[in-house]
Amino acid sequence: MALLALALGVGVYFGKFRRRAVTFPGQHPAAPEFSLKGLNGESVDLNAFRGKVVLLDFWATWCDPCREEIPRFVELQNEFGKQGLQIVGISMDDDPQPVRDFYRQVRMNYPVAMGDAKTGGLYGGVLGVPIAFMIGRDGLIYAKHVGATSFTTFDDEVTALLQIPASPGLNPVPEVTPRLAQFTCCVNPDVDICRGDRGVGNPPPACASFLHLE
């Protein structure tokens, strides 16, 4: 299976553990561009959604947490689509047919493209699903969610990111994660255990990045 099947041909998905890694304003990486083939043969280009808030979801039909999240994404698209939200799904399935079947079954209302190892590699490697990236109107990545994530978290981040202008510097950037809890300063927020200084509330400026555990 493309990247996700590993050497044994077995798909991997993340369960109910929720993790969110967020970098500080001014240090958000640019979302890598891609152009993929959609389910109906259309082109799905990330660049086409510039100026919108994009929730980029890596998923698969064999992933139970993914199947549970997607109906909520349909609701989110309905609620915030006219305000500038665009959800984009990238399926890591090998065969597009089950993806088409599921797309029709849950009446998905946003574009879905077929991904592969190359696409996953652009975003640091997709070794399991679901993985979601929150991309602002300015094309920068503001949050990465590994595993099942609460709908409230997505709702809060979408609401905050919709306030950020497409051109940086026009207005103050609002806090994307308004309800911070415990944090851990770290060098690499994408490791399973991030060792460093701990605290509650907003991490100090000395932290290059931090891991926020929910």
Qualifying residue in segment 130-138 (condition: assigned by TED's automatic domain parsing to the domain that holds Glu69, more than 13 Å from the chain's Cα centre (by Cα), modelled with pLDDT of 90 or more and buried (at least 20 other Cβ atoms within 10 Å of the Cβ)): yes
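For residues that are surrounded by fewer than 13 Cβ atoms within 10 Å (Cβ to Cβ) and in contact (Cβ under 8 Å) with a residue 12 or more places away in the chain, scanning just segment 38-50, find the one that is nearest to the chain's Cα centre (by Cα).
Only one residue tops the list, namely Asn47.
The values are calculated or read from the model by the stated rules, or taken from the named source; none is laboratory data. Remember, predicted model here, so these are calculated numbers, not experimental data. Cβ sites come from the backbone with ideal geometry, for glycine too, and all protein chains shown count toward neighbours.
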